[in-house]
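Student: Sharing a structure here in structure tokens format.
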Amino acid sequence: MHEITLCQNAVEIMQQFGRQNNARRITAVWMEIGAFSCVEPEAVQFCFELVCRETLAAGCELHLVTPAAESWCYTCQQDITLLSPGVLLCPHCGGRDVRMVADDGMKIKRIEIE
């Protein structure tokens, strides 16, 4: 389960931000999980609560955003949604000239502090 390591790293970044801004505590965080990241949102939710204990982020509210795998087909000039990173075929025209826009990571988008 790599989600625990991702959460530990995220909480460390959050704490650094909190200390730099003289926060008493971190109240909420918004994270984005890329469509092709192989990260399970349910596992992140579970692990996040564990790693926040006894930190500035204890009791922090986690908001997870998981955007769709948006991509672009150069053949038919349309935005498309891919179902898998291994299948780079346009669902409209079957073209292979596809640019994948979906992210494969996890990002902190916003941190709320007191």
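Student: Per residue, what accessible area does the chain have, given a 1.4 Å probe and all protein chains present, in Å²? Show your work: numbers first, answer last.
Tutor: Numbers: 6960 Å² over 114 residues.
It amounts to 61 Å² per residue over the chain.
Student: Would you calculate the separation in nanometres between label points at Q45 and E12, each defined as 7 Å from the Cα along the Cα-to-beta-carbon direction?
Tutor: 2.7
Student: Starting from the Cα of Q20, step 7 Å toward the Cβ, then list every residue of segment 37-63 with an amide N under 20 Å from that point.
Tutor: Counting backbone N atoms under 20 Å from the label point, the list is 55-58.
Student: Round to the nearest 10 and give me the degree value, 0 to 90, for the angle of helix 3-20's Cα axis relative to the longest principal axis of the chain.
Tutor: Approximately 60 degrees, to the nearest 10.
Student: At 7 Å along Cα-to-Cβ for each site, give me the label-to-label distance between T66 and E54 in nm.
Tutor: 3.1
Student: Which of the trypsin sites (Lys or Arg not before Pro) found in segment 1-86 are loop residues per DSSP with 10 or fewer other Cβ atoms within 10 Å of their Cβ?
Tutor: Values: sites: R19, R24, R25, R53; in loops: R24, R25, R53.
Hits after loop and neighbour filter: R24, R53.
Student: Ok, one more. How much of the accessible area of segment 2-113, probe 1.4 Å, is carbon plus sulfur, in whole percent?
Tutor: Values: 3310 of 6720 Å².
Ligands and nucleic acids excluded, carbon and sulfur give 49 percent.
Student: Direction-averaged shadow area of the convex hull around the Cα atoms of the chain, nm²? It would help to have the intermediate numbers written out before the result.
Tutor: Details: hull surface 31.2 nm².
Mean shadow area of the hull around the Cα atoms is 7.8 nm².
The values are calculated or read from the model by the stated rules, or taken from the named source; none is laboratory data. Computed from a predicted model, the values in this text were never measured in an experiment. Here the Cβ is made from the backbone with ideal geometry for all residues, glycine too, and neighbour counts use every protein chain on show. Side chains are part of the model used for accessible areas, which takes the heavy atoms of the whole protein and leaves out ligands, DNA and RNA. Shrake-Rupley method; radii C 1.70, N 1.55, O 1.52, S 1.80 Å.
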